Structure formats: C-alpha cells, structure tokens
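The structure appears below as structure tokens.
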Amino acid sequence: MKEWTREERYRVLQSSDEIKDLHERIGKSVYRQTYHVQPVTGLSSDPNGFALHKGVWHLCYQWCPWGAVHGLKYWYHVTSEDLIHWRNEGVGLAPDCEYDNRGTHSGSAISVGGDLYFFYTGNHRDEDWTRTPYTCAAVLGADGKPHKLDKPLFGPRDTHSEHQRDPKIVWVESKKKYFIFIGAQTRDLKGCVLVYESAELLSGWTFAGQLKVPGYESFGGMWECPYIVNISGKDVLIFSPQYTKLPGRGESTNHNVYFLGTMDYDTLTFTPDGPYRYLDYGFDFYAAQGAANVGDPDKAILISWIGLPDNHYPTEEEDWEGTMTLPRELRVKGGRLVQTPISGIETLRGPELPANGDLPAACELAVEAPEGDFDLNLFVKEDGTGGLWLHYDAAKRVCTLDRTGMDKRFNTQVFEVLDMPIETPLKTLRIFIDHCSTEFFVNDGEATFTTRSYPTAREFHYTVSDGAKVQIWTMKPSVKDDFVV
Ligand code: FRU
C-alpha cells in the first residue's frame, strides 16, 4: 500500500488538470460503480449537505482528490431530480480559508425561503497541527455553487475536547428557532452532542447546552455525524459512535446507531424509548445522513458512506476508494425504523434474466425464501465454492453474513463474519449489487446489511437453497462519471 506523507495528503488542488489523468485511469477499474454515487477521483467518505431545494436534490460527499487516503477534505457536489440519476457538479466547498485550511469537514443543509444553506466544519490546524474546529456556513449561489460566508458562525467550546464537528441544522417550530447539533467529545473522552440555537440561520448563534441522553452518558468516545428527524411523530436520533467496541460488531470501533424517542428542546433531553439499535448490520456503513426538506412527515431519506474510518479497501491500490449507499426511505413501524430502497429504483431494472446461477456485475435480486433454514451464496465460483455467504438460522432468527470465501479479503482483523438478527421469520430479500458494493434489505426493510464486495472475474455466480424463488435484473447505469471539478 502507498505511504502518503502529510504534504501529499494535504496538498491543495490548484487546477482540475492535476487530477484529470487520475480520473481517466480509475475509470478503467472493473470496480467503478454504475448506479451509486462514487468519488470522481481519490476518496469519498461521509455524505454531506443533503437537501431538496427547488425540485433538485443536492448531495455532497467528503472528498480527497489525490488518492485513496483521508487527507485534505473537500465537499464534492452532485445533484439529482429523482434520487436515482445523479450528475457531477464539481467542487462544492474547498478548504481555501484560514478557518478551514485543513479541510471542509462534514455537515448538513437546509432550504429556507428560496435559498439553500450549508453548514459545515472548518477544520483549522496551526503550524504545530493543533486543531480548532469552526462551525461555518455557505449559501447556494445563482451559479449553482455554494458560496462561503467570510467568517465562521462560532468556534469550539473549551469545555470539550477538539472533537466538535459535523453540524446538523434543524428548524424547531415549537421554539421558532433553528438548532445545530454538533458531534462532540467531553474532556474525559466520552461521546456527546452539543446543541446551539438561533432565530436566524446565519447569525445569532448561542450555545444551548450538551444534549442529555439518559442512560448514555458514557457510550463511545465521540459521536460523529449526528442527525435528528421526526418521523410520524417519533423523534429519531442517528449518530456514529466511535472509539468503542459494541456487542456483535467484531473488533470494529466505528458504528452507526439510532434511538427512537422523544426530543425535548426545553430541557435539551433526548429520552430514548429503548436501547440503541444498529442502523445497518453490515460490515461497511457509517456517517449516515438524512435529507432536509423531504416534505413528508412520515418518511425520511437517508444515505450513507459504504465504508468505515481506519479501514482499508482493495481499490486503494488503484488510487480511489469509497461509494455511497442507495438513498433509502426510513419509516417508523412497530417501535423501530424500517428502511426500504428509494422508490422508483425499479425503473433501473433491465429485462428480467433467467435465474440460472449467473450474476451480472450490476443487478438487483428479489428472493422469496422458503420456510426454515436458508442459504444464499453470492459471488461463488463456477463450481459453487467461495463467495459472500448468507446463512439464515430459522430457530435463532439470525442471518449470518460471511465474506471469508471471497478471493479479495480485506479488513480481516476487524471482522469477516457478522450476524443480523431479525424479529420475524425470513421471507424476502432485496439485494442490490453494484461493482464494489452489496446492499441487503430483509423482509421489506425490517433489517439491512451493507457491505463492500470486490468479486474477481471468476466470482460471478450464485447458489441458493432449494425452494427459493429468485428474480434477477441487470441494473441500468444512473450515475454519470463525468470529469467535472
Ligand atoms: C466521519 C468524519 C467526520 C468528519 C469527517 C472528515 O467519517 O470523521 O466526523 O467531519 O469524517 O472527513
């Protein structure tokens, strides 16, 4: 693996010419996605600035132009009319001010009164590499690009550690105020959320307090990328706790969880209805963010990075890495979140293929499982061996996903086998395969499992238990990979 110096990782992009060849070269990779958002060059990680504005969905991703490395982070901007077809718009935010000199880090967006506002973390570092995170804003201009304010909205609190970032902006009607939730860490290294309030979007911000989440005063070392939304009258708090191991998650120290509960903006208390749940049971799922301005009180739209911090993936040797999930619809049913693939995704289906054991590189599978134990093995070789294996144990109501059989193994020290418990017997699976990712939706969204997958040329077959009904469609490309910087 390439060793990057700090100078190389934090180089400022002076001109798009510097990465044009890289774009061309990685375009030849067999692992480039066709219906998922992926980095134009280099590395993509968290989704940022996701909102519906004047009929257009805006989404950005954390982007390091130079290669598969977490270095100087930009926001790269993509747009869509339907959350299925996406086009590249070029750099959204560039780290070009003193207060964000070492990165425009994660954040959110909101459309208000005909304008689209972006909130992000300006990652400032001094010469001696001491970090100061600022909460900053930008507004979409008539040229279709975010334009930054010339000053941050507010700086960090010295009551907490340097980890204060990822502003999530929300309007709270009952208080007639905006609130910003910031992912943070206390001085004794506990994860938490800091809350700020203002009647105006671009001024008047004051610190309101640290969010109280009874029972979770000591849970993880940093709560990255907080997101709060009300769905069907229930408050949902999603965040990515890190620097901790959690049950059933192997050796990983990065997770994405949620609570259903009640948010009280008078006391700044989020009271969970019950224990946290994993947002997705897969190997590679982190920093999920919901869109603003969805306009439906019964659903949220969520998208996530298919990847984890501190982990390494096979395309790093090709100088690129990262991809987004499909956008998903979130609903609250039976005291939990239900997640389904974005509606309309069926329009990408080509003609139905014979279910003969062949697996195209970009496809959807719809599987009806017979009663009892069940096996589905994706990406097996022609003789049926190897692959990404899903085994369902009907007595335990657990699906186990095992990726040890793949030719390309990665992050083996973190986990290669994970369980996905389900509450009702396994009936249906919808599986979306693109060139380097696989997303499983179980029982109409009762549970999901997202993983990177890098099949080699001999791994394009599948096997399934007798009695299962399998439908399979190739998926048409819907994400343009134009060189727009
Ligand atoms: C999460 C994260 C955020 C930060 C961003 C930097 O993956 O660490 O907390 O803003 O990535 O790229």
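The values are calculated or read from the model by the stated rules, or taken from the named source; none is laboratory data. Since we're looking at a predicted model, the values are computed, not measured. In this analysis, Cβ positions are derived from the backbone assuming ideal geometry, glycine residues included, and neighbour counts consider all displayed protein chains. Keep in mind that these areas ignore ligands, DNA and RNA; they rest on the heavy atoms of the full protein, side chains included. Shrake-Rupley method; radii C 1.70, N 1.55, O 1.52, S 1.80 Å.
Within the stretch 427-469, the residues that satisfy the criterion of being open to solvent by 10 Å² or more (accessible area, probe 1.4 Å) and of a type in the set (D, E, K, R) are K427, R430, D444, E446, R458, D466, K469.
With the condition being among the hydroxyl-bearing types (S, T, Y), away from the ligand (no atom under 16 Å from the Cβ) and open to solvent by 20 Å² or more (accessible area, probe 1.4 Å), I'd like the strands (runs of 3 or more DSSP E) fully within the stretch 1-114 carrying at least 1 qualifying residues.
Working: elements: 42-53, 56-64, 74-80, 87-93, 104-112.
It comes to 104-112.
The strands (runs of 3 or more DSSP E) found wholly in the stretch 151-214 and carrying at least 1 residues that are within 16 Å of the ligand (Cβ to nearest atom) occupy 160-172, 177-186, 191-198. When each of F239, F219, F259, F179 is tested for being more than 29 Å from D284 (Cβ to Cβ) and within 24 Å of the chain's Cα centre (by Cα), the lone residue that passes is F179. Looking at this structure, is L388 in a loop (DSSP other than H, G, I, E, B), out of contact with any Pro (no Cβ under 8 Å at 6 or more places or on another chain), more than 30 Å from W57 (Cβ to Cβ) and aliphatic (A, V, I, L, M)? Judged against the criteria, L388 is not a match.
F181 meets each of the listed conditions (1) open to solvent by 10 Å² or more (accessible area, probe 1.4 Å); (2) out of contact with any helix residue (DSSP H, G or I) (no Cβ under 8 Å at 6 or more places or on another chain) apart from (1). Scanning the stretch 1-31 for residues that are within 20 Å of T474 (Cβ to Cβ) and in contact with a Phe, Trp or Tyr (Cβ under 8 Å, 6 or more places away or on another chain) yields a total of 2.
Tell me whether the stretch 391-410 contains one or more residues that are outside any strand (DSSP E or B), in contact (Cβ under 8 Å) with a residue 40 or more places away in the chain, open to solvent by 10 Å² or more (accessible area, probe 1.4 Å) and charged (D, E, K, R). Before you say what the answer is, go through the steps one by one.
Taking the stretch 391-410 first, the residues outside any strand (DSSP E or B) are 394-397, 406-410.
Filter again for in contact (Cβ under 8 Å) with a residue 40 or more places away in the chain, leaving 406-408, 410.
Right, trim to open to solvent by 10 Å² or more (accessible area, probe 1.4 Å) and you get 406-408, 410.
Narrowing further to those that are charged (D, E, K, R): 407-408.
Yes, that holds for at least one residue.
So if I check each of G344, G334, G350, G357, which one is over 18 Å from the mean Cα position of the chain (by Cα) and modelled with pLDDT under 95? Sole residue among the options that is over 18 Å from the mean Cα position of the chain (by Cα) and modelled with pLDDT under 95: G334. Scanning the stretch 115-124 for residues that are touching an Asp or Glu at 6+ places or on another chain (Cβ under 7 Å) and surrounded by fewer than 24 Cβ atoms within 10 Å (Cβ to Cβ) turns up N123, H124. Applying the criterion of being within 16 Å of the ligand (Cβ to nearest atom) and open to solvent by 20 Å² or more (accessible area, probe 1.4 Å) to the residues of the stretch 125-145, the residue that is farthest from the chain's Cα centre (by Cα) is W129.
Against the list (1) surrounded by fewer than 23 Cβ atoms within 10 Å (Cβ to Cβ); (2) more than 16 Å from the ligand (Cβ to nearest atom), the condition Y243 fails is (2).
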